[in-house]
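The values are calculated or read from the model by the stated rules, or taken from the named source; none is laboratory data. Small disclaimer: the values here were computed from a predicted structure and weren't measured. Methodologically, a virtual Cβ is constructed for each residue, glycine included, from the backbone with ideal geometry; neighbour enumeration extends over all protein chains shown. Remember, those area values only see protein heavy atoms, side chains included, never the ligands or the DNA or RNA. Shrake-Rupley method; radii C 1.70, N 1.55, O 1.52, S 1.80 Å.
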Amino acid sequence: MKEYQFKEGFLWGGACSAVQCEGRSPEDGKQDNIWDQWYREDPGAFYQGVGPEVTSDFYHNYEQLIKMMRECGITSFRTSLQWARIISDRDGTVNRKGIGFYHRVIDALLDNGIEPILCLNHFDMPMYWMEKGGFECRETVDAFAAFARVCYGEFSGKVRRWVTFNEPVITPEQGYLYLHHYPLVQDGRRAAQVAYYIQLASSMAVEAYRQMGCSGQIGIVLNLTPTYCRNPEDERDRKAAYAADLFFNRSFLDPSVKGEYPADLVRILEENQAVPVHMEQELETIRRNTVDYLGVNYYHPRRVVHRSRPLESGTFMPDRYFEYYTPENCRMNKSRGWEIYEKGLYDIGVNIRDHYGNIPWMVTENGMGVQDEEQFLNEEGMVEDGYRVEFIKDHLRWLHKAIEEGCNCFGYHMWCPFDSWSWSNAYKNRYGFIRIDINDHARPSFKRSAAWFRRVSDGNRFTD
C-alpha cells in the first residue's frame with residue numbers, strides 16, 4: 001500500500017454557491033437575480049421544472065448542514081454572498097437582514113471549526129442591474145466594487161480568504177455565446193465586452209480590498225480546462241489548441257495573475273472587430289491589482305482539432321478557430337457527459353508553476369455528479385458511492401505528484417459537501433457527501449464517501 005501524505009495546514013473542504021444551496025428565501029428582503037427571473041419567464045427550461053426557489057434550503061437548515069459538513073471532515077468551506085440579498089437596489093441600499101443572515105452562517109462555520117472562504121459573485125447578477133445591461137454596462141462594474149466594499153466592511157474581521165468571481169468565463173461563454181444561461185444571447189462582440197468588464201470588476205474589487213487594509217488574501221476562482229489537440233505533430237491542431245486556451249483559460253488567467261492580456265488574444269479580437277470598449281486607466285487598474293492566490297475548478301479537459309470547414313455563424317465565435325472531438329476509449333462520466341482525465345490536474349499545476357510564477361493555488365472544485373443516485377441506496381438508506389471515493393483518490397494522486405514536484409497547491413475542495421441545485425439541471429446529478437432529500441429537506445443523510453473523506457482530512461493523507 002502506498003501512502004500519500006499532504007503538508008501540514010493543507011485545506012480539506014468543499015464548495016457551493018449561495019444560489020445553489022440557499023434557495024430564493026426572499027423573506028429577509030432579498031431581491032430577484034437572473035435565475036429567479038429566468039425561471040419566472042420559462043420554467044420549462046429547467047430540468048423537471050425545478051427552479052431556484054428552495055434548492056437545498058441551506059437558508060433554513062444551515063446549522064444542521066454545517067455540523068454535518070464538519071463530521072464529513074470539511075475544515076474549510078467556500079460559498080458566495082448573494083449580491084441581491086445584501087444590496088436592495090441600484091442606489092446601493094444595504095439590506096441589514098441579509099447581512100445578518102451571512103453573519104450567522106459565518107459564525108456557525110467558525111463555531112464548528114470550519115474556515116469560511118467567501119466569493120463575491122457566482123453567476124448571480126441582480127435583476128435590477130441586469131435590466132441596465134448587467135456586465136455590458138460600465139455602471140455595473142462600479143456597483144460591484146461598491147458591493148465588495150460593503151462585504152469587506154462587514155465580514156473581513158471573520159474571513160481571511162476571499163474570492164472576487166467564481167468561473168468568470170462562464171458568464172460570457174454560457175450567457176452570451178452558447179445560449180445556456182440568461183440572458184441567452186449569442187454575440188461574440190458582446191461576450192468580449194462582458195468578459196472585459198468582469199475582469200475590471202474583479203480587479204477593482206482587489207483594489208478595494210487592499211485600500212481598506214483588510215488582513216487576509218483575495219483571489220479569483222477559474223475553471224481551468226487544459227486543452228489538448230488530437231495530433232501534436234500537426235501544426236494546425238496545435239494552433240487550434242492554442243486558440244482555445246487563449247479564449248477559455250488565459251482570457252482571465254493572464255490578467256488576474258500577470259495583470260495583462262495575452263497579445264495573441266488581443267490580436268484575434270482586433271481581427272474580428274471585437275475589442276471591448278476600454279480606457280487606459282482601466283487597463284492600469286488591471287495591471288496593478290493582481291490576485292494573491294488562485295482557485296482552480298477542474299472537472300474535465302478540452303480536446304480540440306483544427307476546424308475542417310468554416311463555421312456557419314452570423315457573429316464572431318471562438319469556435320471559428322477549432323472543433324471539439326472525443327478521443328476513442330476515453331473514460332467518461334456518462335451522467336454528466338464529461339471525460340474523466342485525472343492527469344489534467346497535474347498539468348494545470350505544472351503550467352501554473354512554470355508560467356505563472358508558481359502563485360499559491362488550491363483546487364476549489366472537483367467532483368463527480370451522478371444521475372439517479374438513488375439506485376445505490378443500501379438497505380439502511382445510505383448511498384454506496386464508492387465511485388466517488390475512487391474519483392477523488394485518482395485525482396489526489398496526480399495532485400500529490402504535482403505538489404511533490406514543486407507546485408504551490410495548498411488545498412482541495414470538493415463540489416459539493418451536500419447535494420445542491422445545479423442551475424438549469426436542478427438535481428439531475430448528485431455531487432455531495434451528504435444526501436439531500438428534496439422531498440424532505442430536514443432529513444439530510446451521509447453517503448458512504450463522507451466517512452472516507454473524514455479519515456483523509458483528519459490524517460492529512462490517504463492510502464491506495
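Does Gln20 fit the bill of being assigned to a helix (DSSP H, G or I) and surrounded by fewer than 19 Cβ atoms within 10 Å (Cβ to Cβ)? The answer is no for Gln20. Residue count for segment 312-340 satisfying the condition of being part of a loop (DSSP other than H, G, I, E, B), of a type outside the set (S, T, N, Q), open to solvent by less than 80 Å² (accessible area, probe 1.4 Å) and in contact with a strand residue (DSSP E or B) (Cβ under 9 Å, 6 or more places away or on another chain): 6. Being within 30 Å of Phe410 (Cβ to Cβ), part of a strand (DSSP E or B), of a type outside the set (A, V, I, L, M) and over 19 Å from the mean Cα position of the chain (by Cα) holds for only one residue in Tyr228, Tyr261, Tyr242, and it is Tyr228. State which residue is nearest to Arg287 (Cα to Cα) when the search covers only segment 185-213 and only residues that are touching a residue at least 60 places away in the same chain (Cβ under 8 Å) and outside any helix (DSSP H, G or I). In this case the residue turns out to be Met212. Looking for something within 19 Å of Glu339 (Cβ to Cβ) and either surrounded by fewer than 20 Cβ atoms within 10 Å (Cβ to Cβ) or polar (S, T, N, Q) (or both) - is there at least one such residue anywhere in segment 397-412? Within segment 397-412 (the criterion being within 19 Å of Glu339 (Cβ to Cβ) and either surrounded by fewer than 20 Cβ atoms within 10 Å (Cβ to Cβ) or polar (S, T, N, Q) (or both)), the answer is yes, since at least one residue qualifies.
Scanning segment 243-279 for residues that are loosely packed, with under 14 Cβ neighbours inside 10 Å and among the hydrophobic types (A, V, I, L, M, F, W, C) yields Ala263, Val266, Val277, Met279. Residues in segment 288-310 that are over 28 Å from Trp162 (Cα atoms) and part of a loop (DSSP other than H, G, I, E, B): 5 in all.
Being under 30 Å from Gly9 (Cβ atoms), part of a helix (DSSP H, G or I) and polar (S, T, N, Q), is that true of even one residue in segment 343-361? Yes, there is a match, as at least one residue in segment 343-361 is under 30 Å from Gly9 (Cβ atoms), part of a helix (DSSP H, G or I) and polar (S, T, N, Q). Inside segment 122-141, residues that are open to solvent by 10 Å² or more (accessible area, probe 1.4 Å) and either on the phi > 0 side of the Ramachandran plot or polar (S, T, N, Q) (or both) make up a count of 2. In the set Glu373, Glu379, Glu404, Glu384, only one residue is more than 21 Å from Asn297 (Cβ to Cβ), out of contact with any helix residue (DSSP H, G or I) (no Cβ under 8 Å at 6 or more places or on another chain) and touching a residue at least 60 places away in the same chain (Cβ under 8 Å); that residue is Glu373. A search for C-beta distances below 7 Å between a residue of segment 450-464 that is farther than 14 Å from Met68 by Cα and any residue that is outside any loop (DSSP other than H, G, I, E, B) and open to solvent by 70 Å² or more (accessible area, probe 1.4 Å), counting only pairs 6+ apart in sequence or on different chains, returns Asn460/Gln5; Arg461/Glu3; Arg461/Gln5; Thr463/Glu3.
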